[in-house]
Amino acid sequence: MFDRKELIDYVLKRQNSDGGFGFVPPFCGLEFPSGLPDTYHCVSILSMLGKTVENPDKTSEYLKKTRADYTNPSPTYSFYIFEASRLLGKKLRAGGEEIKTWEQVLKRGPATQLSEGYGAAGSPYQDVYSAIYLLKKYGNGTGTEEYEIKQNQDGGFGPGASDIASTAHCIAINGLLGLSFDREKAVRFILSCGANYGGFSIRPNAEPAFVETTYYASLSFSLLGAKIPESAALFAAMLQNADGGFRRSIFGGISSPEYSYLALSTIMHFEKMQSGGDWHVE
């Protein structure tokens, strides 16, 4: 369906001397600065493909330094640090101030502006999801007991009009907290977002399809135990560029670690379903 070796080579070329990963590979001795989202996405891609990170201790040190350098990071950025470290076999312990920040995000609720470092689809529930995930996995779970989200009439989720990114995050949140909602209506909403060439768009009748919105559709289907259309995986596979990475749109564009992670996840959601495997938010 896609060239795995080329994708692995694409990722490995982007590791810098500090252990982190950059948007573009080093060229003529010059390095594009390592970025936290790029590092998380590259580490995740290698993990999904069963490959180890070269110089994992350096990558771990990069993540530790990044964690120390950030003052009051968003839960999304903390998610990148904690989860990339876990994938490297270096599970971190949450500090008191970090837990306090995550709890405060839940009290504040969905963002009115998009979180720093968030993907192109945009979801005010990104930080909420990250905070709940971190509190459940690395904290003591406090602050999550009374959290609930209202499902919209069309079956989707989102403040105001439903969108596919908010819907995916809210389905994941409900799963983490064991909350009930109308799953069949949620499936119908996601299906209504189907767009061109087998991909999915942010809302119904909102062409074109992009990699991030197709990823959120496949993630939602996986979390709901619903069938993932093969066309979604084929759409994601079509986005691989000659450099081995993946772009955002079938209409062209450059590769990025983020788009590559989203495309690979979409394909693997489908492959897991085909093999009867279990894919879910831990």
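Some points to look at:
- Gain upon complete extension [LYS13, TYR70; 0.36 nm per residue less C-alpha separation]: 17.9 nm
- Dipole magnitude for region 4-275: about 420 debye, using +1 per Lys or Arg Cβ and -1 per Asp or Glu Cβ, origin at the Cα centre.
- Most mobile of SER218, SER74, SER17 in a GNM of the chain (Cα contacts under 10 Å): SER17
- Comparing SER260, GLN240, HIS169 along the charge dipole axis of the chain, the residue lying farthest to the positive side is HIS169, per the Cβ-charge model.
- Amide hydrogen proximity for PHE200: with H placed 1.01 Å from N in the peptide plane, the residues at 5 or more positions away or on another chain lying under 5 Å are ALA195, PHE210, THR214.
- FRET efficiency estimate (nearest 0.05) - Cβ-Cβ, ASN55 to ASP182, R0 41 angstrom: 0.30
- Inter-probe distance in nm under a simple model that places probes 7 Å from Cα toward Cβ, at VAL24 and SER47: 2.9 nm
- Shown here for region 140-230: GluC sites (Glu not before Pro) in loop regions (DSSP other than H, G, I, E, B) with at most 12 other Cβ atoms within 10 Å, namely GLU145, GLU146, GLU148.
- Distance from the alpha carbon centroid of region 2-81 to that of region 176-228 works out to 28 angstrom.
- Theoretical ellipticity at 222 nm over the chain - DSSP helices of four or more residues, -39500 (n - 2.57) apiece, nearest 500: -15500 deg cm²/dmol
- With Cα atoms as the point set, the radius of gyration and Dmax of the chain evaluate to 18.2, 56 Å.
- Cβ-Cβ FRET estimate between THR142 and LEU191, R0 fixed at 30 Å, reported to 0.05: 0.25
- Normalised by the number of residues in the chain, the mean separation of alpha-carbon contacts (under 8 Å, six or more apart) gives a relative contact order of 15 percent.
- When you filter the trypsin sites (Lys or Arg not before Pro) in region 176-254 for DSSP loop state and at most 16 other Cβ atoms inside 10 Å of their Cβ, you are left with LYS227.
- Most fluctuating residue given options ALA226, ALA131, ALA168, as computed from a GNM of the chain linking Cα atoms under 10 Å: ALA226
- Selection of chymotrypsin sites (Phe, Trp or Tyr not before Pro), region 203-277, meeting DSSP coil and at most 13 other Cβ within 10 Å: PHE251
None of the figures in this text is laboratory data; all of them are computed from the coordinates on show. What you see is a predicted model; the values in this text were computed from it and never measured. Heads up, the Cβs are rebuilt from the backbone with ideal geometry, glycines too, and the neighbour counts pull from every protein chain shown.
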